[in-house]
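This report refers to the structure that appears directly beneath it.
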Amino acid sequence: MSAIESLHDTDLAQTSVRELNQALHAASAGRWQVANPGGRHAIAAGLTAPLEVEIDGHAGYYCAGMNQLATVRVHGNAGVGVAENMMSGRVEVDGDASQSAGATAHGGLLVVHGNASARCGISMKGVDIVVRGSVGHLSAFMAQTGRLVVCGDAGDSLGDSLYEARLYVRGSVASLGADCVEKDLREEHVTEIAALLTAAGIDDVDPATFRRYGSARRLYTFDVDDAGSFA
């Protein structure tokens, strides 16, 4: 298939999201240019092939949810749950992302060039998330594995009930959640941050200026004397 034949233009002012997604699910390769998304929900959800999807405008809830292998770029803002339960591939948002960006995601890379709202990376299970701006409260709540890099600030209760995910924040943190503590930033972590910033296309932020946060591992086994830690 030639490059010209593999480029598909879809106008969501004339085509339904269901029809678009059916075409994407049936494809094994190719590039899609999606016009007039108009904040519609579940655009490019459930993809399982190495497709490239460019969305020219704002997307609604669960854009690129359950993504595998595909690259999805939103040239605008994204609603609740962008890249939710992503397994692999890349999802990129030029603007801001609403709540629960990258929720429960197992793999791949999510890049938000603006800000992400509350619960960014909630229950993340292996995904890498890079946010150029700031994140809201309860980000990385119950995060299990994966890495969250925030170039701006973090809201209240960062990393509440954290497991083994690694959190890196360059700006201020309003407060840490239960069992989340600041840890030393070693050279290996600076190298890791640098690689993630490069992957995200961010080349003007010094990786050595971040702080690292992780689990204190006090909540792994319940002890009644620690009940106050769950409040």
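Quick rundown of the values:
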item	result
Residue count, the range 204-231 (criterion: in a helix (DSSP H, G or I), under 28 Å from the mean Cα position of the chain (by Cα) and at pLDDT below 65)	2
Output for the range 76-107, where each listed residue is closer than 12 Å to A45 by Cβ, without any contact (Cβ under 8 Å) to a residue 40 or more places away in the chain and not small (G, A, S)	V82, E84, N85, V91
Number of positions in the range 123-156 that are assigned to a loop (DSSP other than H, G, I, E, B) and within 14 Å of L176 (Cα to Cα)	11
Residue in the range 159-190 that is nearest to H106 (Cα to Cα), counting only those that are among the hydrophobic types (A, V, I, L, M, F, W, C) and part of a loop (DSSP other than H, G, I, E, B)	A165
Pair list, Cβ under 6 Å, 6 or more apart: the range 124-141 residue at negative phi and hydroxyl-bearing (S, T, Y), other residue modelled with pLDDT of 95 or more and part of a loop (DSSP other than H, G, I, E, B)	S134/N115; S134/G152; S134/D153; S139/C120; S139/G121
Residue within the range 166-180 that is surrounded by 17 or more Cβ atoms within 10 Å (Cβ to Cβ), without any contact (Cβ under 8 Å) to a residue 24 or more places away in the chain and among the charged types (D, E, K, R) present	no
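Here's the yes/no breakdown for (1) assigned to a strand (DSSP E or B); (2) among the charged types (D, E, K, R); (3) closer than 19 Å to I129 by Cβ:
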| residue | (1), (2), (3) |
| --- | --- |
| D9 | yes, yes, no |
| Q14 | no, no, no |
| E19 | no, yes, no |
| G39 | no, no, no |
| G65 | no, no, yes |
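The values are calculated or read from the model by the stated rules, or taken from the named source; none is laboratory data. These numbers come from a predicted model, not from an experiment. Note that we place each Cβ from the backbone using ideal geometry, even for glycine, and neighbour counts take in every protein chain shown.
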